[in-house]
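Take a look at the structure below.
The values are calculated or read from the model by the stated rules, or taken from the named source; none is laboratory data. If you're wondering where the values come from, they're calculated on a predicted model, not measured in any experiment. Neighbour counts are summed over all protein chains in view; Cβ atoms, including those assigned to glycine, are modelled from backbone coordinates with ideal geometry.
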Amino acid sequence: MADTWQTIKEWPELILERLDDAGVARIVLNRPDKRNCWNRALCNAFLESLDITLMEVRAQVLRIGSDDAFRAFEIPEVRKSA
């Protein structure tokens, strides 16, 4: 039987899914136009997704997306908050 992922919650920047009856959640970064670069909205969605799954799952998987590029922060936005 194929694994069935169900969407728990979806933000513009991130998709939170759960594997049926397995206790596993998948967090998918969803900013392909920005090569999944982290910004404030993505960080907030990521933290909220961890809160949602904290008590329900045994494992969390972070998926960068189909693009293999990844950066830690969007520097201009980080500087704005300082």
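Does ILE8 qualify as being part of a strand (DSSP E or B), at pLDDT below 90 and under 13 Å from VAL57 (Cβ atoms)?
On the way: part of a strand (DSSP E or B): yes; at pLDDT below 90: no; under 13 Å from VAL57 (Cβ atoms): yes.
No: the conditions fail for ILE8.
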### Qualifying positions in the stretch 13-28 - surrounded by 17 or more Cβ atoms within 10 Å (Cβ to Cβ) and touching a residue at least 24 places away in the same chain (Cβ under 8 Å)
GLU13, LEU14, LEU16, ARG18, VAL24, ALA25, ARG26, ILE27, VAL28
